[in-house]
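Have a look at the structure below before the remarks.
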Amino acid sequence: MPLFGPHILQTLKIALLGFVLSMIVGLLFALLMFHFRSVYRIFYPLVVASQTIPTMVITPVIVLILGYSDLPRLFVVVLTCFFPITISLFRGLRAVDSDLLKLMQTMGAGSWDTMRHVLLPASMPQLFSGLRISATYSVMSAVLAEWSGGGDGLGILMLRSKRSFRFDRMFAAVILIIVLSLVFYGTVIVLERIVMPWQHSLKQKRKYTGSKALALLLILLILPLQACVKAPDAGEELRELTFALDWTPNTNHSGLYLAQERGYYAEEGLDITFRESDMNFIEMVANGTAAFGIASQEQVLQARASSAKIPVVAIAALLQHNTSGFASAVDRGIESPEDFEGHIYSGWGTELELAFIRSLMEKSNADYGEVRIINQSASNFIASMETEADFAWIYYGWDGVNCELQDYPINFILLGDIDERLDFYSPVLITSDELIKTDPELVEKFLRATRRGYLDAITDADAAVAALMKAAPELDPVLLLASQEWLNNESEKTPEAWGSMLAERWENFALWMSENNLLEEESDVNAAYSNEFLPDE
């Protein structure tokens, strides 16, 4: 439970805050639409339209606009939860007997008296109906928001556990999400029994007016939020920066976490916060929400050649050679691109991976049309091989090493062995054109500290793993150590200076991408990377 505790609290904070804000927004919209016909005509269609937008589609956009913080996650929870509350209360208000309203007018009651004594009490059943629905939505939407917007909640725990093949922890997180949802639902039920005792068979019945009921509900929900308020951090002398990870923490990031653990960033006057997300990490760097990030060479080239002209620049290569390729279980007999014929490929559905297959098969005079392409539904490479596919694109330093640990023999075709142009840099550290222009000294400081972290990780795998485990204790230490040692062996094979990149490699891969229609527009390849800020040996 100590492992899950911080994650539970983070998700609980976002879900609870979002639920309270949803209730406030829902009450406000419902009352305005009830009292003002013009407001109803304008906002009711918008309220309904807000629920037609898929949460998984809108969340990355919200994160891109609002940045890495609690705000976008709260926004997603509110967007998801306010609709049932708004519509339920609005319908409850509209359903109040008109004769009662006329009677109140006859007795000289004002709008507030009518609201307090008639409208709110009469609409309470409908309001609580919406609250029950929103209570369960709040936890679910908080987790979905974490998948795209980072954070430290149960959503991130699920991603980290899945990607480190700790499926017991992943399913434990699912159970915890269900439990939290039930707790939220049960809390609303208890509040409903307190607020509306006439609706239930309780031993002691207490009667509340509508206004008192609403006040009690607000107080009971808002009080726990006091525990969620963070005290201000010390150390204001350090410059706070955000680093956008391309994935959940793994051995590609070990040098970053080791540099942080050993105080190298602090020595440069930097306070780095690592944010993880499934998407938008490149855009976050481009618009300045994150000062630095991690990506791959093809992502940088595609970003700069897109119609949006996303201005990111690679400033260091973490590995000198591409370690990715196509892997398959040995019983499939796939040892070369010709053997892809008649087999099933499981991937992420990107044009890049399909171009890899097509290009390698054409180079080997094989028929690309004989390959069946599916989108991966299994949770990892081994599961995919056992349930749905014959080969997949993997990075050997993670999935390949895991196969060794699981005693699952595979055949592996390294991309660069078939076509040297596919020996691209992956991963690379990135920043924005704007930061390079306005604060080149900051880029130098960051790379100076980061280089020290990665060089230490190469010579001390145990320390690198310990730094990763401190940041993400739910990861598998055995896999981390094996992966780190494998990457260290790869690094020791290359005498080139850490981080350096060759113009020829950038130009060759950009040409290959252009030939395969993977670049939307032409762009200056030389502007996509820079060795200028790498520290001297």
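Every number in this text was worked out from the coordinates using simple rules, so none of it is lab data. For clarity, every value in this text was computed on a predicted model and none was experimentally measured. Here the Cβ is made from the backbone with ideal geometry for all residues, glycine too, and neighbour counts use every protein chain on show.
A few remarks follow.
- Ordered by the number of other Cβ atoms lying within 10 Å of each residue's own Cβ, fewest first, Ser38, Ser483, Ser336, Ser346 fall into the sequence Ser38, Ser336, Ser346, Ser483.
- Förster-model FRET efficiency, 22 Å R0, Thr350 and Asp417, C-beta, rounded to 0.05: 0.55
- Relative to the longest principal axis of the Cα atoms of the chain, the long axis of helix 503-515 makes an angle of roughly 70 degrees.
- The phi torsions of region 476-484, fed into the Karplus equation with coefficients 6.51, -1.76 and 1.60 and a -60° offset, translate into couplings of 8, x, 5, 5, 4, 5, 4, 5, 5 Hz, rounded to whole numbers, with Gly and Pro shown as x.
- Taking other Cβ atoms within 10 Å as a rough exposure proxy, Trp398, Trp486 sort from fewest to most as Trp486, Trp398.
- Average Cα contact separation per residue, the chain, under 8 Å, 6 or more apart, as relative contact order %: 17
- Short-range pairs are left out: with C-alpha atoms under 8 Å and at least six residues apart, the relative contact order of region 324-420 is 46 percent.
- Stretching the chain fully between Trp112 and Leu511 yields a gain of 136.5 nm (0.36 nm per residue, less the alpha carbon separation).
- The length gained on full extension between Leu9 and Glu240, counted as 0.36 nm times the residue separation minus their Cα-Cα distance, comes to 80.8 nm.
- Cα centre as origin, Lys/Arg/Asp/Glu Cβ charges: region 324-420 dipole, Debye: 220
- To the nearest ten degrees, helix 55-66 and the longest principal axis of the Cα atoms of the chain are 80 degrees apart.
- Counting only DSSP beta bridges whose two residues both lie in region 324-420, roughly 65 percent are antiparallel.
- Beta bridges assigned by DSSP with both partners in the chain are antiparallel in approximately 60 percent of cases.
- Rounded if a/c under 1.5, otherwise prolate or oblate - region 372-515, Cα gyration tensor axes: oblate
- Listed residues Trp112, Ala355, Val428: farthest to the positive end of the dipole of the chain (Cβ charges): Trp112
- Contact order for region 451-518, expressed relative to its length and based on alpha carbon pairs under 8 Å spaced 6+ residues apart, stands at 32 percent.
- For the chain, calculated [θ]222 nm from helices alone, where every DSSP H run of n ≥ 4 adds -39500 (n - 2.57): -17500 deg cm²/dmol
- Unit charges on C-beta of K, R, D, E only; dipole of region 411-537, Debye: 480
- Net charge of neighbours whose Cβ lies under 13 Å from the Cβ of Ser88, counting Lys and Arg as +1 and Asp and Glu as -1: +2
- Local electrostatic count at Pro311 - Lys and Arg +1, Asp and Glu -1, tallied over other residues with Cβ under 9 Å: 0
- Charged side chains reduced to their Cβ positions (Lys and Arg at +1, Asp and Glu at -1) give the chain a dipole of some 4960 debye around its Cα centre.
- Summarising the amide proton neighbourhood of Val371: residues at separation of 5 or more, or on other chains, whose placed amide H is nearer than 5 Å comprise Gly342.
- Burial ordering of Glu298, Glu521, fewest other beta-carbon atoms within 10 Å first: Glu521, Glu298
- Among 285-291, 409-415, the order from most to least packed when residues are scored by Cβ within 10 Å on average: 285-291, 409-415
- Kirkwood analysis of region 260-372, using all unique Cα-Cα pairs, places the hydrodynamic radius at 17.5 Å.
- Selection from Ala503, Gly186, Ser307 lying farthest towards where the dipole of the chain points positive, charges on Cβ: Gly186
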